[in-house]
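Reviewing the structure listed below.
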Amino acid sequence: MKSIIPISKFKSGETIQGFYLCVEKYIRHTRSGELYLDLVLRDQTGQINAKVWDNVTEYEKKFKSGDPVALKGKVDLFLDKHQLNIKRINKATVQNYARYGFDPALIVPTAKEDPKKMWIDIIKIIRSFKDPFLKKLCFNIYNNNKEKLLIHPASLSTNHNYRSGLLEHILSMSRSALSMSRLYKLDKDLVLTGILVHDIGKLSEIDYDYESTLTKNGNLIGHVVIGRDIALKEARKIKKFPKDLLIKIEHIILSHRGMFDWKSPKKPAFKEALLVHLIKLMDSQINLMDKSLNEDSESGEFTNHFNYFKTHLFKGTDGTK
């Protein structure tokens with residue numbers, strides 16, 4: 001294939017080949033009654049409407065909404081907006097298209113840091129534990145869930161809601177905890193364990209491939225209880241795991257949201273649990289402010305007030321973010 005052109009770089013009259021995410025797909029009829037496919041495509045840089053006019057029956061079977069696609073098409077103008085007229089299209093998989101440059105991280109929003117590097121940093125943190133029970137518990141949970149942890153988002157639509165966002169969130173929290181647990185003379189291994197496992201239930205709450213949806217367990221049970229059950233199950237496999245230690249881990253998971261209004265079953269009842277909650281709150285809010293600033297299209301020193309914080313956020317005296 002030719003070099004992959006991001007949607008934001010499309011120019012009228014240009015023939016492009018590349019990989020994009022199909023986020024909407026409809027079979028429609030022209031005025032003369034002929035079938036065509038009406039699509040919305042997206043990558044990290046933007047989205048575009050697209051049409052398939054020829055060989056519709058053949059191409060309709062090759063992919064569905066939510067699939068990454070490999071395609072060739074021509075960029076045209078329609079009502080003063082770019083539109084892609086597709087000549088060839090197929091579902092893109094790593095197995096079939098990696099040699100042509102297909103990388104899932106290129107077609108969806110993703111964490112800035114390499115997930116493999118983040119994974120190595122988290123494993124180093126676990127290896128630093130002095131408590132053998134907490135070290136084994138975290139190793140087992142993370143090794144059992146490595147494939148999902150490398151790509152999973154932390155939420156559907158709020159903080160860290162992008163590919164590898166959960167790993168980024170956990171690592172950022174862990175870095176804060178390393179210094180803050182020393183500052184307040186708390187049990188560092190317990191704080192870090194709480195951070196490493198507090199959101200582990202998200203792996204079952206959220207179904208993630210290229211877009212995120214809640215699973216049945218996510219809707220009916222929720223990640224807090226799911227995460228607590230995962231920790232209990234793994235701890236019971238470790239011989240002589242201290243009961244007093246396990247109940248503290250359970251409490252951190254159950255209280256990490258911190259407030260009953262935020263669907264937290266418990267409020268933090270000891271300092272390590274409180275610190276996990278506060279670090280999570282801080283990291284989530286900073287990420288949401290970054291998101292609000294990055295998504296704002298207003299000129300001038302302040303954003304509009306249609307954001308998570310429902311206020312005009314300050315961008316800087318020169319209008320930059």
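For region 289-321, which residues satisfy the criterion of being assigned to a helix (DSSP H, G or I) and of a type in the set (A, V, I, L, M)? Correct list: M289, L293.
Restricting region 251-288 to residues that are of a type in the set (F, W, Y) and assigned to a helix (DSSP H, G or I) leaves a set whose member that is nearest to H169 (Cα to Cα) is W262.
The set of residues from region 8-23 being free of Cβ contacts under 8 Å to residues at least 60 places away in the same chain and surrounded by 15 or more Cβ atoms within 10 Å (Cβ to Cβ) comprises Q17, G18, C22.
Sort out which residues of region 90-104 are closer than 13 Å to G66 by Cα and in a helix (DSSP H, G or I), and write them in order of number. P104 - this is the single residue of region 90-104 that is closer than 13 Å to G66 by Cα and in a helix (DSSP H, G or I). The number of residues in region 1-56 being more than 26 Å from the chain's Cα centre (by Cα), at pLDDT 90 or above and of a type in the set (D, E, K, R) comes to 8.
Of the helices (runs of 4 or more DSSP H) contained entirely in region 172-220, those carrying at least 3 residues that are under 24 Å from N140 (Cα atoms) fall at 188-197, 202-205. For region 147-170, residues that are surrounded by fewer than 22 Cβ atoms within 10 Å (Cβ to Cβ) and either assigned to a helix (DSSP H, G or I) or in contact with a Lys or Arg (Cβ under 6 Å, 6 or more places away or on another chain) (or both) total 3. A single member of E250, E234 is in contact (Cβ under 8 Å) with a residue 40 or more places away in the chain and either of a type in the set (A, V, I, L, M) or surrounded by 14 or more Cβ atoms within 10 Å (Cβ to Cβ) (or both), and it is E234.
The values are calculated or read from the model by the stated rules, or taken from the named source; none is laboratory data. What you are looking at is a predicted structure, and each value in this text was computed from that prediction instead of being measured. Cβ coordinates were reconstructed from backbone atoms using ideal geometry, including for glycine residues, and neighbour counts include every protein chain displayed.
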